[in-house]
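S.K.: Below: one structure in structure tokens.
The values are calculated or read from the model by the stated rules, or taken from the named source; none is laboratory data. Everything numeric in this text was worked out from a predicted model, so none of it was measured. Glycine gets a Cβ as well: all are built from the backbone with ideal geometry, and neighbour counts include every protein chain shown. Accessible surface areas use protein heavy atoms only, side chains included; no ligands, DNA or RNA. Shrake-Rupley method; radii C 1.70, N 1.55, O 1.52, S 1.80 Å.
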Amino acid sequence: MLIKKHEVINRFLLRKFISKKYLIFSILLICLILAFLLDLGFGAVNIPIHEVMNILLGQEAEKTTWTNIILKFRLPKALTATLAGAALGVSGLQMQTLFKNPLAGPFVLGISSGASLGVALVLLTASVTVPTLLTDLGIIGDFSLVIAASFGGASVLGLMLVVSRRVQDTMTLLILGLLFGYATSAIVSILLQFSSKERIQSYIMWTFGSFSGVTWQQLAILAPVICVGLLIAVLQSKSLNALLLGESYARSLGLTVQKTRFSVISSASILAGAITAFCGPIAFLGVAIPHLCRSFFNTSDHRILIPSVIIMGAILALVADLSSQILINQMVLPLNAITALIGTPVVTWVILKRNSKKSFPS
């Protein structure tokens, strides 16, 4: 009788958790749609939301210029922001699990710095400026940036993975990651010293981060790359859950740890590297988003975390892009400034919570 009572209670709690999970997912999806529409509607020229929806549905807008603004400029920007937020969030989640470190992320552990170095080698050693490189070289130019950024990010992450096997202290690992980031920044500084003023200015503008520089042609390259990286991450869900319990336990379940590490490195470097190539080094989103999702869903199950991180990342990226457009009239703020304002409180909260509980994941 007592066993049956416990079974009833467990089933009730399970149903309650599932219903709560679906409710949160529904709310996040609604917020994503709302943020997407707002990002399309607001900017230097404000367009009513109902007109935005008419344009997206193929209907005629009240003003022809609104259709051009939405379809030629704002829609590729909003899609890029959606992809970027999802990619950076998933990349951060993968590295936090791989390193068992709540502060790991593409920016903190040097992946973005490595990707920036790869892009700098392409941009600063080319004989053309950034706009010419991105628009005139077409597919070859786009792929060269993705390959260079992904290779740079994978190199730094691979180096961090080797070091992590010898260094057990997480804070020491973070310090080493920052040092590797400084080293790559030093190389970029040397490249800047021998570059022309036009290339230096173009590279500095690129480092501010922006979703608006991606055209439809470039989005046709970026979107499949990100989708492949996200698909790899989704397929890693069970493997990442096993890694949370330790490598020895993962091996006992039949998991090949070396192959899983390589898969995680590949996916994380593709996601972070591709976004860095096209949008610049976007800071803090990769660290902050996984922790927000863990708090909302109160779980460490990657089968739930990965889709929630994709949605939450897209929402925050769209909010950051929208904020950079409307906070100051007739002026676009650097995207990295907005993401830092969003991510800093979250990272601070993680540090304080970690010091109080000494546990990971939360």
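S.K.: Determine whether residue 336 is closer than 18 Å to residue 94 by Cα and out of contact with any helix residue (DSSP H, G or I) (no Cβ under 7 Å at 6 or more places or on another chain).
M.R.: No; evaluated as a whole, the condition is false for this residue.
S.K.: Would you mind telling me which numbered condition in (1) more than 16 Å from residue 94 (Cα to Cα); (2) open to solvent by less than 10 Å² (accessible area, probe 1.4 Å) residue 225 fails?
M.R.: Unmet condition: (2).
S.K.: List the pairs whose first member sits in the stretch 57-71 and is within 15 Å of residue 39 (Cα to Cα) and free of Cβ contacts under 8 Å to residues at least 24 places away in the same chain, whose second member is of a type outside the set (A, V, I, L, M) and surrounded by 12 or more Cβ atoms within 10 Å (Cβ to Cβ), and whose Cβ atoms are under 8 Å apart, counting only residues at least 6 apart or on separate chains?
M.R.: Close Cβ pairs satisfying both conditions: 66/51.
S.K.: On to the next question. Identify, from the list 304, 310, the residue that is surrounded by 24 or more Cβ atoms within 10 Å (Cβ to Cβ), among the β-branched types (Val, Ile, Thr), under 27 Å from residue 100 (Cβ atoms) and in contact (Cβ under 8 Å) with a residue 12 or more places away in the chain.
M.R.: The unique qualifying residue is 310.
S.K.: How about the stretch 93-116: which of its residues are open to solvent by less than 10 Å² (accessible area, probe 1.4 Å), outside any helix (DSSP H, G or I) and of a type outside the set (A, V, I, L, M)?
M.R.: Within the stretch 93-116, 101, 102, 105, 106, 110 meet the criteria.
S.K.: Something else now. Closer than 30 Å to residue 118 by Cα, open to solvent by 10 Å² or more (accessible area, probe 1.4 Å) and β-branched (Val, Ile, Thr), is that true of residue 276? Before you say what the answer is, go through the steps one by one.
M.R.: Numbers: closer than 30 Å to residue 118 by Cα: yes; open to solvent by 10 Å² or more (accessible area, probe 1.4 Å): no; β-branched (Val, Ile, Thr): yes.
Here the answer is no, as residue 276 does not meet what is asked.
S.K.: If you don't mind, another one. Which pairs do you get when a residue that is open to solvent by less than 50 Å² (accessible area, probe 1.4 Å), found in the stretch 237-255, comes within reach of a residue that is assigned to a helix (DSSP H, G or I) and acidic (Asp, Glu), reach meaning Cβ atoms under 9 angstrom, with the pair 6+ apart or on two chains?
M.R.: Matching pairs, first to second residue: 255/247.
S.K.: Which helices (runs of 4 or more DSSP H) sit wholly inside the stretch 117-217 and have at least 2 residues that are more than 21 Å from residue 229 (Cα to Cα) and modelled with pLDDT of 80 or more?
M.R.: Counting at least 2 such residues, we get 170-193, 197-207.
S.K.: Exactly one condition in (1) crowded, with 23+ Cβ neighbours inside 10 Å; (2) closer than 26 Å to residue 21 by Cα is false for residue 297; which is it?
M.R.: (1)
S.K.: Based on what the data block shows, is residue 234 without any contact (Cβ under 8 Å) to a residue 40 or more places away in the chain and among the hydrophobic types (A, V, I, L, M, F, W, C)?
M.R.: Judged against the criteria, residue 234 is not a match.
S.K.: Out of 164, 189, 196, I need the residue that is open to solvent by less than 90 Å² (accessible area, probe 1.4 Å), more than 18 Å from residue 148 (Cα to Cα) and out of contact with any helix residue (DSSP H, G or I) (no Cβ under 9 Å at 6 or more places or on another chain). Which one?
M.R.: 196
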